[in-house]
Amino acid sequence: MVLGQSRWIWGDIVSSQNQQSAMRSHIAAFDAMDGSEERILSDRMKTVVISKMRLWDCHCNTSLVALLSHYGTFLRAPAVSGKTKGKAERSFRYIRQDFFLARTLRKIDDLNAQFDLWRTGIANQRVHATTFQVVDEAFAEGRLSLKPLPRIQFNAVLTV
């Protein structure tokens, strides 16, 4: 997850991109931010978009929409063209080029620990090339605009 104003990065490396992983990662991201954004621009992956209609219209996964609604967040899937997610896409390129290069990968827990150290010690401590601000400092300023977390964490029940 990359916050648009501050470019603050949070991530959870998972072994599956299934719905449960996506939902757990969103909850963990909100906990890490200690709040939630008003809007989230997401990929058009299957755990988010059930069916595509026109350029901006799509049917989104009702479980994920319910989770985000619980946190006061509105989900928006980007246009098919892919030109609407530049901030996030450049951040992923930065992660690939700076974090993953010359790194020893053992187990997923170890990889997540390494990523968290890199994220908090390097990525969010840098002066961002576009905003010219230290990412963590910009995040601290923008934190005031985050919606507070609900008193009760989202509880999903799987139904068949």
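Given the residues 63, 16, which is the only one that is assigned to a helix (DSSP H, G or I), at pLDDT below 90 and open to solvent by less than 60 Å² (accessible area, probe 1.4 Å)?
On the way: 16 fails: assigned to a helix (DSSP H, G or I).
The unique qualifying residue is 63.
Taking only the stretch 128-137 into account, find how many residues are farther than 17 Å from residue 97 by Cα and over 18 Å from the mean Cα position of the chain (by Cα). Before the answer, list the steps.
Taking the stretch 128-137 and keeping what is farther than 17 Å from residue 97 by Cα, we get 130-137.
Right, trim to over 18 Å from the mean Cα position of the chain (by Cα) and you get 130-134, 137.
The total comes to 6.
Could you check how many residues of the stretch 108-126 are open to solvent by 40 Å² or more (accessible area, probe 1.4 Å) and more than 18 Å from residue 15 (Cα to Cα)?
Of the residues in the stretch 108-126, the ones open to solvent by 40 Å² or more (accessible area, probe 1.4 Å) are 108-110, 113, 116-117, 120-122, 125-126.
From the residues that got through so far, the ones that are more than 18 Å from residue 15 (Cα to Cα) too are 117, 120-122, 125-126.
So the answer is 6.
May I ask you to list pairs of residues, at least six apart or on different chains, whose Cβ atoms are under 7 Å apart, with the first in the stretch 112-124 being on the phi > 0 side of the Ramachandran plot and the second being part of a helix (DSSP H, G or I)?
As it stands, the answer is none, since no pair meets every condition given.
If residue 105 passes every condition in (1) in contact with a helix residue (DSSP H, G or I) (Cβ under 7 Å, 6 or more places away or on another chain); (2) assigned to a helix (DSSP H, G or I); (3) open to solvent by 40 Å² or more (accessible area, probe 1.4 Å); (4) free of Cβ contacts under 8 Å to residues at least 60 places away in the same chain but one, which one does it miss?
Condition (2) is where residue 105 drops out.
Going through the stretch 127-150 one residue at a time, which ones are open to solvent by less than 50 Å² (accessible area, probe 1.4 Å) and without any contact (Cβ under 8 Å) to a residue 40 or more places away in the chain?
Residue satisfying the conditions is 134 alone.
Within the stretch 80-88, is there a residue that is open to solvent by less than 90 Å² (accessible area, probe 1.4 Å), at pLDDT below 80 and hydrophobic (A, V, I, L, M, F, W, C)?
For the stretch 80-88, residues open to solvent by less than 90 Å² (accessible area, probe 1.4 Å), at pLDDT below 80 and hydrophobic (A, V, I, L, M, F, W, C): present.
The values are calculated or read from the model by the stated rules, or taken from the named source; none is laboratory data. Remember, predicted model here, so these are calculated numbers, not experimental data. As a convention, Cβ positions derive from the backbone with ideal geometry for all residues, glycine included, and neighbour counts pool all protein chains shown. Heavy atoms of the whole protein, side chains included, go into the accessibility calculation; ligands, DNA and RNA do not. Shrake-Rupley method; radii C 1.70, N 1.55, O 1.52, S 1.80 Å.
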